[in-house]
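Shown next, in structure tokens, is the structure this report addresses.
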Amino acid sequence: MAIWGLVIETTVGVGERKHTEAYVLTHVEGTREEALVELERRARIHTPEHPRSPKRRRLFRERDGFLLVIDGAWQSFSTRFTVAELLDDSAAPPPPPPEVAPPEAEPDPADTVPSPPPPSTPPVERDADGVPVRPAWWGRTDLP
């Protein structure tokens, strides 16, 4: 499946500082048509910062996306929504290595050695509450 970037190019700032900036809203994995449906949904609900008092809002369909034009009291502001196929991403995580299961070898019955029985330890004398009467460290010669 292709990965599609939903890109927004919007007018920011006002007056002489008014310019266009581009952002990637999100990525959509699937067909181009599925990406366009999601892009249209986002274009319809988008509320840009400018103009603060919109007078008219128009949404146009283009070949690769949508163009939103909002007329304010003094100026018009535009936002372009574009769908574009992602070809390369320098910040993408590396793909996981392919999982290769090692071949399962059946054990040879002749190679199996029975495990020795666990060593028998003398029973520990305990109080009624389960605490040993004699601490485990008593009688150790390796302690100072």
Listed residues 4, 74 arranged by accessible area, highest first, probe 1.4 Å: 74, 4
Anisotropy class of the stretch 1-100 from Cα gyration tensor, a/c 1.5 cut: prolate
Rounded FRET efficiency, nearest 0.05, which uses the C-beta distance separating residue 20 from residue 88 and R0 of 22 Å: 0.40
Accessible area, probe 1.4 Å, largest first, for residues 55, 18: 55, 18
Rounded to the nearest 10 Å², the accessible area of residue 50 at probe 1.4 Å: 30 Å²
Extended-chain gain in nm, criterion 0.36 nm per residue less alpha-carbon gap, residue 63 and residue 134: 16.9 nm
Label-point gap, in nm, between residue 27 and residue 42 - each point 7 angstrom along Cα→Cβ: 1.3 nm
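The values are calculated or read from the model by the stated rules, or taken from the named source; none is laboratory data. These numbers were taken from a predicted model, which means no experiment stands behind them. Using ideal geometry, Cβ is built from the backbone for each residue, glycine included, and neighbour counts are taken over all protein chains shown. Calculation scope for accessible area: heavy atoms of the full protein, side chains included, ligands and nucleic acids excluded. Shrake-Rupley method; radii C 1.70, N 1.55, O 1.52, S 1.80 Å.
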